[in-house]
1. Give the range 39-90 a look and list any residue that's β-branched (Val, Ile, Thr) and crowded, with 20+ Cβ neighbours inside 10 Å, or say none.
2. If we scan the range 101-111, do we find a residue that is surrounded by fewer than 15 Cβ atoms within 10 Å (Cβ to Cβ), of a type outside the set (Ser, Thr, Tyr) and either more than 16 Å from the ligand (Cβ to nearest atom) or closer than 20 Å to residue 142 by Cα (or both)?
3. Among (1) closer than 20 Å to residue 45 by Cα; (2) out of contact with any Gly (no Cβ under 9 Å at 6 or more places or on another chain); (3) within 9 Å of the ligand (Cβ to nearest atom), where does residue 125 come up short?
4. Give just the number: which of (1) in contact with a Pro (Cβ under 9 Å, 6 or more places away or on another chain); (2) not in a helix (DSSP H, G or I) does residue 138 not satisfy?
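Computed from the coordinates by the stated procedures, all read-outs in this text should not be read as laboratory data. Just so you know, these numbers come straight off a predicted model, no measurement behind them. Cβ sites come from the backbone with ideal geometry, for glycine too, and all protein chains shown count toward neighbours.
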Amino acid sequence: MNILVINGPNLNMLGIREPEIYGRETYADLCRLIEEHAEKAGVTVTLCQSNHEGDLVDAIQLALGKQDGIVINPGAYTHTSVALLDALKAVAIPAVEVHISDPDTREDFRKVSYVRAACIKTIKGRGFDGYLEAIDFLAGGCR
Ligand code: CA2
């Protein structure tokens, strides 16, 4: 099974500031954790991160015919991007929305998720483990 893990803007800055919200581990630590977990689960993962909305749309479109599942933390674009919602709907690949923090307990503007309507599941507030849970959910046939 092939799973694309997409991270949006500023997730490359993990561990640098706001450790009380996002923890002390870095984006490189997150990638290592995901790769090790995927290997044990027999899943092939492709990781990508971009600060640019159009690049994230391109990554979703390029998944068509190649990836069986998408794990996406769209970062701040969660709360603004109809383009990401449309891209996920266009490829119709089972997608899981992941957030390290729980945006629903933070500022009001984080309580809206545009991408949620195109995702089969949302995992939030579970730290880095949320990505692993998303991979297991997709690899386990979405059960
Ligand atoms: O909780 C999450 O995973 C978020 O998607 C993270 C986004 C935020 O805009 C969403 O509302 C929730 C932020 C990405 C990381 O931003 C950083 C900010 C300061 C230091 C390091 C990372």
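1. 45, 60, 70, 71, 72, 78
2. Looking for residues that are surrounded by fewer than 15 Cβ atoms within 10 Å (Cβ to Cβ), of a type outside the set (Ser, Thr, Tyr) and either more than 16 Å from the ligand (Cβ to nearest atom) or closer than 20 Å to residue 142 by Cα (or both), one finds none in the range 101-111, hence no.
3. Among (1) closer than 20 Å to residue 45 by Cα; (2) out of contact with any Gly (no Cβ under 9 Å at 6 or more places or on another chain); (3) within 9 Å of the ligand (Cβ to nearest atom), the lone unmet condition for residue 125 is (1).
4. Against the list (1) in contact with a Pro (Cβ under 9 Å, 6 or more places away or on another chain); (2) not in a helix (DSSP H, G or I), residue 138 comes up short only on (2).
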